Structure formats: C-alpha cells, structure tokens
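Okay, so here's the structure we're looking at.
Taken together, the values in this text are just the output of simple stated rules run on the coordinates, not laboratory data. No experiment lies behind these values; they were computed from the predicted model shown. Neighbour counts run over all protein chains shown; Cβ positions are idealised from the backbone, glycine included.
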Amino acid sequence: TSLENAADVRDLISALGYQQMTLYGVSYGSRLALTVMRLYPSVVHAAVLDSVYPPDHNRNDLPSDAQRVFQVLFQGCAKDARCNAKYPNLESVFSTLVDTLNAHPIRFDTVDPTTNHHYTVSFAGNDLVGWLFSTLYVTSFIPVLPQTIYQIRTHNYSQLSYLYGYVTFDDTFSDGMFYSTTCSEDWPFLTKQDITRSLQGITPQIAAVFGLDEQQEDDICQFWNVQAVPTTQKLPVISNLPTLVLSGEYDPITPPS
C-alpha cells in the first residue's frame, strides 16, 4: 500500500545517507509522494507532483475523467481550422464508429515493439474507446488521433496497428501493485451506488466501457484480500513544503481538476 511504500521511501533516503531528498512523483507516484509528505515531512526537501493523483481522488471518477478528456480532444480539433477542415464532426464520427464496430468488430495485425512478436487483434467499439483513452497518455500520439479515427472509418488500419502496438504492450505496469493499492485505498470507501452515480450524464459509449471497468475492479477487490487504509489516508494533504504541481490538459487519468 502507499503507507508501506512511503515507509520504504523514508528508509531508502536514510540508507543512502541523506537527511532529505526532493521527491518527484508521476501519476500514482504523486500519491506516494503526497503520502511521504504527510507521514514523514522531515525527510522531504521539496516535491514535484506531475499528473497529480491525490489520496482523496477515487476510482469512480473514471467515467467523468474519460468524458472530459474525449471532449478536450474533440473540441480541440473543432477549434483548430486545419483539423476541423480535415476531420469535421469528429465527436459524432467517433460515436458512430464505436457503435458500428460493436456491431461488426474488425481484425488487424500488430507488433509488440519490445519483442517484435506479431499478433492479430479483434477490435470492437468498446475496444476503440479503451484504446483511445490509453493512447492519450502518449503526448506525441495525440495530434494524429483524429486522422486515425477517420482512417478506421474507411477501413484503413495501418496507423491503428502501429499505435496499438506501442500503447498496448506495456511491461512497466504491475497488476498486483495496482490492486494492492486501489483495493486498500479506493474501493473500501465506495459502494455499488457510487458506481451507478458515476455513470449519470455520461455518454452511452463511454459509460459502457468505464462502468464495466469500475465493476470489474470492485469485483476483484472482493477477493484481493487487502486491508483498508485508515480513513486519514483519504484526507487531502496539507503541507507547507515547497511543491511544484504539473498537470496536462489532455491527461486522461489525472485531469487538472
């Protein structure tokens, strides 16, 4: 859990012979840094919180976070004269494409760039929603996403195949670590009603994917068997330590808010 990880950070600073360090935390790392700042402020010189995931933020914000970032993408294209001219009505094109692919999934080949192994992918509309969300993590890919959506509509999967391989095959993510933290720090403080409420006002294409994601996470946490953190871990962190906070407009999972 983040409490154990924070204790490890404190011990590492001491073991390396330092009195204090500057912490740099990205995404979940920002939650960890905040936990260190709360529990062990004496070992922190300063902190950089990049893509902030505060302890009081919960996983049932997934649908609204997804809807927000998709709107940023669609509206960003609509406001850009060149993008809007080449890819007009991007939001409606995307929504129609999701429904079409759910009715008629496609198949394409892709490559894991780290192993060079080739795979054939079955790809439905819900997969498109999840894939677009994940691809927004990669800043350099964002400018080509309107083109990719339009290409898929015309049965051209070359760009999708290339981007899919880079986004999907990620060996830096630990499922065990993820569930040990979210099942102790998020889901014990949520109910089934919170999942239902999180889908209110969300477009059907997005709600179908992220509502299912929430339900699956909650189900897994029922047997992951980790103890809930104390409720104090869910409080916002108040600190006078020098801190630089960074947020990205197109960040899908840790929005500026």
As straight-line cross-link partners of Lys234, the qualifying lysines (C-alpha separation under 22 Å, not fewer than 8 residues apart within one chain) are Lys192
The answer for the per residue Cα convex hull volume of segment 58-110, in Å³, is 131
For segment 1-58, the convex hull over Cα atoms projects on average to an area in nm² of 3.6
Relative to the compact-globule estimate 2.2 N^0.38 Å (N residues), the Cα gyration radius of segment 1-149 stands at a ratio of 1.42
For segment 180-235, the Debye formula with one identical point scatterer on each Cα and no solvent gives log10 I(q)/I(0) at q = 0.22, 0.31 Å⁻¹ as -0.85, -1.20
Expressed as a percent, the portion of alpha-carbon pairs in the chain spaced more than 23 Å apart is 58
Bridge orientation stat for the chain from DSSP, antiparallel percent rounded to 5, came to 40
Subtracting the Cα-Cα distance of Gln215 and Asn156 from 0.36 nm times their residue separation yields 17.9 nm
Here the convex hull volume per residue of segment 162-257, taken over Cα atoms and given in Å³, is 174
Under a Gaussian network model of the chain whose springs join Cα atoms within less than 10 Å, the largest fluctuation of Thr203, Thr100, Thr154 belongs to Thr154
Sorted on mean Cβ neighbours within 10 Å (highest first), peptides 136-146, 116-126, 41-51, 238-248 come out as 41-51, 136-146, 116-126, 238-248
